[in-house]
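Readers should treat all values here as calculations from the given coordinates under stated rules, not as data from a laboratory. This is a predicted model, so every value here is computed, not measured. No Cβ is skipped: glycine too gets one built from the backbone with ideal geometry, and neighbour counts run over all protein chains shown.
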Amino acid sequence: MERLRVGVLISGRGSNLGALITACANEAYPAEIVLVISSRAEAPGLALAAAKEIPVAIISHNDRRAFATAAEPLLCERRVELVCLAGFMHVLDANFVEAWLDRMVNIHPSLLPSFRGLHAQRQALAAGVRFAGCTVHFVRPELDCGPIIGQAVVPVYPDDDEERLSARILGVEHRLYPLAVRLIAEGRVRVVADRVEFVGVRVPDMIALNPGESFGEPLASLEG
Ligand code: GRF
């Protein structure tokens, strides 16, 4: 099986990178991580990549154009087919985004289009929403915008603080991101008129992870 070649861009902790690494460790998983680029040399996530002998590069993002100019040849050299932003804390150069259109995805800790930008969980608490979650979407030049591939939902409890809510959301991020990458790698995701359509995926299993009766259960199998 040819596995989809994935490059992951990080800036910090790297727990989503870790979730993707774990998924890729399964031989049956249809993607592999062939490059990790960090915008910060001290990012803890770099150690996760190094432990698995995944090639890493450090490129600072003081300048958008300079980052793109440095990253592009590395992605090309490693024959990266999909770029995953995983806690990459910068707005990318618009030409770079254009070059990777529908081949670059991001995970954001809110149910987009609500609460774009920084401190999404804090924004959710301030708004008093009853449900929060995360979104995996294709990247567009505008921050936290783009066709939505999948969302996962968690409840918000009255005594939640930012830390507790963030941890609850992170738990489903680690399930949703590998699922979204798997669907892309299997060719089951296409963008039509700037919205995602699924090919051969059973609805509603694959579109959202909900706190309903299947919450916490293993993902239902995909149907062709
Ligand atoms: C996650 O909450 C992700 O949704 C957001 O930044 C955080 C990164 O966490 N974009 P980690 O570095 O993957 O642990």
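In the distance distribution for segment 1-100, Cα-Cα pairs more than 20 Å apart total 31 percent. Computed over the chain, the Cα gyration tensor eigenvalues convert (square root of 5λ each) into semi-axes of 26, 21, 17 Å, ordered from largest to smallest. Span-like helix check, the chain: qualifying full DSSP H segments, with Cα axial length of 15 Å or more and mean Kyte-Doolittle of 0.0 or more, are 64-77, 162-185.
Taking other C-beta atoms within 10 Å as the exposure proxy, I184, I21 rank I21, I184 from fewest upward. Residues with beta-carbon under 12 Å from that of V6, excluding V6: net charge, scoring Lys, Arg +1 and Asp, Glu -1? Once positives and negatives cancel, what remains is +4. Sparse packing (at most 14 other Cβ atoms within 10 Å of the Cβ) combined with a DSSP loop state is found for the following GluC sites (Glu not before Pro) in segment 138-206: E142.
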